[in-house]
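A short reminder: the numbers here are calculations on the coordinates, not readings from a lab. It should be emphasised that the depicted structure is a prediction, and the values quoted were computed from it without experimental measurement. Because the Cβ atoms are built from the backbone with ideal geometry, glycine has one as well, and the counts that use them run over all protein chains shown.
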Ligand SMILES: [Zn+2]
């Protein structure tokens, strides 16, 4: 499953750690990326 951190907006892939937390900033609110209508492409 693919998620996006609601704080730092980075893509987060959850493994089987048993915890829901952004590995980049430690934030615990992740947004599910399920909507096919929303496509954000980072060009950096
Ligand atoms: Zn984050």
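For 8, 22, the sequence from fewest to most other C-beta atoms within 10 Å is 8, 22. Counting beta carbons within 10 Å around each of 42, 11 and listing the fewest first gives the order 42, 11.
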